[in-house]
Amino acid sequence: MDVRFINSIHDVGAQQWNQLCSDDYPFSRYEFLSALEDSGCTTSQSGWQVAHLLVYEDQDLLAAMPGYIKYHSYGEYVFDWAWADAYQRFGFNYYPKWINAIPFTPCTGPRLLTRTQHESAALIAAIGAALEKECELKGYSGWHCLFPTEDRSTLFLSAGAMQRLGCQFHWFNHNYDHFDDFLARMASRKRKNITKERNQVKEQGITFVVKEGTNITTEDMDLFYALYRNTYLKRSGHTGYLSQDFFHHLAKTFNDFIVLICAVTEQQTTIAAALFFRDQHTLYGRYWGCFEEYQFLHFETCYYQGIEFAIANKLQRFDGGAQGEHKIARGFEPVVTYSNHAITSNQFRSAIENFLVQERNHIQTYIQEAVQLLPFKND
């Protein structure tokens, strides 16, 4: 097997890359990754230098891993700032590092793309050896895989990359036909709270428009970017990780995977919107923005409208994004997420391994406690 690193996804054709995608999970597809690259969101200047890993056998592309050289830990959602601080205190450099991840996208899914449906021990060993050599050659502190599926995480663990657990909150469709079916599973007080929140949005004269596919225009994306940018500026003082050009690329090449839900006033003015991605089974809540603040508007646009869309389209799951304990009361259930970490320094690897053992116990306890807070009736 021949393992190579490339500094642009355009070194591989779209058909070659996408034939490795075993399902329609949107974020590992060529169009999404190229939109990030071509719009300038993933560059050495942004701290996301493209370094995709490819595996060839007899000149045929056998496997790929979306990869980036990172000069910071922004936009990853697996938090290792404390590790970087420890390196700095002892006079070592944690950055650069190599990560197998989807930029700015904490959504579990394929991270090792293969032409076949299985990953052989030989393939994993070859990748692990190549990454170890690349880290040594380029001076990376290690390599990391963020938000793989559980089975892939176990494979990377066998290649020497320590496993880390995390927690997110996802909504699951228990064969609902209507939103009221979902509410009917809840205890009375929790059900009334959600109904009250939704009614307050309606009483403010706000309705919602759902756009999909070719109905989403470049003008829609311009409006959404303005909303997204405004919200980032108010919250953090910068304009966000993603550029207007990125959203233009999505509208042109990726609209089969996107859903735009807009909040509209009685004067037919769009005041807020949420941009979702979807595949055959899952809705992914990704980006949000607003011009004006209204009571419970965020919850309605980003969560309740997403749930209604998932029910109407018979989707099995709604991944509402990273963190957010406020999702529990709204019927989002805790799920385990995974990441893997191969650290080159023996000294730091031992310390991080001990930390991960303690953190794992905390995460497992946290999930058990979160389950007890779910709003559903006791069966």
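Structural remarks
- Relative contact order [Cα under 8 Å, 6+ residues apart], region 174-315, whole percent: 28 percent
- In order through region 54-64: 3J(HN,Hα) via Karplus (6.51 cos²θ - 1.76 cosθ + 1.60), integer Hz, x for Gly, Pro: 10, 10, 10, 9, 6, 6, 9, 6, 9, 7, 8
- Charge tally around residue 144: other residues with Cβ under 11 Å, Lys/Arg +1 each, Asp/Glu -1 each, net +2.
- Neighbour-count order for 12, 55, fewest beta carbons within 10 angstrom listed first: 12, 55
- Residue 365-residue 154 FRET efficiency (beta carbon distance; Förster radius 25 Å; 0.05 resolution): 0.70
- Applying the criteria of a DSSP loop state and at most 14 other Cβ atoms within 10 Å to the GluC sites (Glu not before Pro) of region 258-350 yields 266, 292, 293.
- DSSP bridge analysis restricted to the chain gives an antiparallel fraction near 90%, rounded to the nearest 5.
- Between residue 354 and residue 120, the C-beta separation translates, for a Förster distance of 30 Å, into a calculated FRET efficiency of about 0.40.
- Ranked 258, 367, criterion: other C-beta atoms within 10 Å, fewest first: 367, 258
- Fewest neighbouring Cβ atoms within 10 Å first, the residues 172, 332 line up as 172, 332.
- Under a model in which nothing but the beta-carbon of Lys, Arg (+1) and Asp, Glu (-1) is charged, the chain shows a dipole of about 1020 debye around its Cα centre.
- Over region 233-326, relative contact order from alpha-carbon pairs under 8 Å, at least 6 apart, %: 21 percent
Bear in mind that the values in this text are calculations on the coordinates, not laboratory data. Because the structure is predicted, anything quoted here is derived from the model rather than measured. Ideal geometry is used to build each Cβ from the backbone, glycine not excepted, and the neighbour counts take in all protein chains shown.
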